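The values are calculated or read from the model by the stated rules, or taken from the named source; none is laboratory data. Predicted model, so just to flag it, every value in this text is computed and none were measured. In this analysis, Cβ positions are derived from the backbone assuming ideal geometry, glycine residues included, and neighbour counts consider all displayed protein chains.
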Amino acid sequence: MSIDLHIHSSASDGKFSAQEIIQEAKARGITLVSITNHDNISDQNQAITQAKKADLTYVSGVELNVTCTYQKYKAPFALDFLGYQFNPTNQALQNKLEQIAHYRQVRAAKILENLNIEFKKENIPPLTEKDLHKIEQTIEGSLGRPHIADYLVKKQIVVNRQEAFEKYLMKCDVPKYPLHLEEAAKLIQDAGGKLVLAHPADSCGTSLQPITPIPQKQTKIIQETMLHCIDGIECWHPSHTAQTTTHYIKFAKEHNLILTGGSDCHQKPVIMGIVEIPSWVKDQFH
């Protein structure tokens, strides 16, 4: 049995459609799967339908960027949380995600304004509303910085996505929608789902690493600030070392949290199913 509970589709920043992901999961022997797009559940019903046809167990999923606070850490910080097993037709959840999607468009326009300030210094022609429209046309769902990065590559302003971020997008960033932890928990749990802290020790992504790289200190922060809101922790992730995974498994079990894991695959490359996750994880989703 193979499990992958963290996959992104083309409805956010992945390459494959929901149907293609289910087909690939079937081909790879993955029996429990979830598509967890950023602030987007538009293809959940399609994924559920396709998974039934493929005889796979599917868990509804979403990844939310959440604003957190910690009294010993002065500034608010962002973490990613995974919502599972919610009802995709829940109106409150749908309404909030539509609100976040609108904010993403506003944020993208502001990022382009900031980019133009940098471009002016280098005599690079400014980006216009027409450029923003072209970026929006290339995606099916949630608009984010990776899409802007890809457009900068297409315009030959940068060589690749990494250069786009390092040279421009880190500097020109605009804060994401301020979804707070208590609100995120209520949205998912009221829709019948579970809220799970995503990749807490990811050194390359949104995680607790910038605050402290020490797992014991990370779990102390979790215990002091979010244990009352969350239902689980993503213990298995490509960015987690074996020692980190072991630490988080122990912590989650001690606090009666569900344990999840996945590849965080965006199909660039296709890494679905590469993270070894124990078969008993499936039992938590009955």
Check your understanding: If we scan segment 207-221, do we find a residue that is under 19 Å from the mean Cα position of the chain (by Cα), touching a residue at least 40 places away in the same chain (Cβ under 8 Å), under 30 Å from Gly29 (Cα atoms) and assigned by TED's automatic domain parsing to the domain that holds His38?
Key -> yes
Exercise for review: For segment 108-122, state whether one or more residues are crowded, with 16+ Cβ neighbours inside 10 Å and either under 27 Å from Ile233 (Cβ atoms) or under 21 Å from the mean Cα position of the chain (by Cα) (or both).
Suggested key: yes
Exercise for review: Look through segment 231-258, keep the residues that are among the charged types (D, E, K, R) and out of contact with any Lys or Arg (no Cβ under 7 Å at 6 or more places or on another chain), and return whichever of them is surrounded by the most Cβ atoms within 10 Å (Cβ to Cβ).
Suggested key: Glu234
**Study point:** Only one of Ala51, Ala27 that is in contact (Cβ under 8 Å) with a residue 12 or more places away in the chain and of a type outside the set (Ser, Thr, Tyr)
**Key:** Ala51
Revision key, fill the gap. In segment 150-163, anything in contact with a helix residue (DSSP H, G or I) (Cβ under 6 Å, 6 or more places away or on another chain) and within 16 Å of Lys121 (Cα to Cα) is listed as Val158
Review point. Given Thr36, Thr128, Thr49, which one is surrounded by fewer than 22 Cβ atoms within 10 Å (Cβ to Cβ), assigned by TED's automatic domain parsing to the domain that holds Val281 and of a type in the set (Val, Ile, Thr)?
Key: Thr49
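Quick check on my filter: what residues within segment 259-286 are β-branched (Val, Ile, Thr) and either without any contact (Cβ under 8 Å) to a residue 12 or more places away in the chain or surrounded by 21 or more Cβ atoms within 10 Å (Cβ to Cβ) (or both)?
Residues satisfying the conditions are Thr260, Val275, Ile277.
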Check your understanding: Any chance segment 86-102 includes a residue that's surrounded by fewer than 19 Cβ atoms within 10 Å (Cβ to Cβ), in contact with a Cys (Cβ under 8 Å, 6 or more places away or on another chain), touching a residue at least 12 places away in the same chain (Cβ under 8 Å) and not small (Gly, Ala, Ser)?
Key -> no
Check your understanding: Looking at (1) touching a strand residue (DSSP E or B) at 6+ places or on another chain (Cβ under 7 Å); (2) polar (S, T, N, Q); (3) surrounded by fewer than 19 Cβ atoms within 10 Å (Cβ to Cβ), which is the only condition Asn160 fails?
Key -> (1)
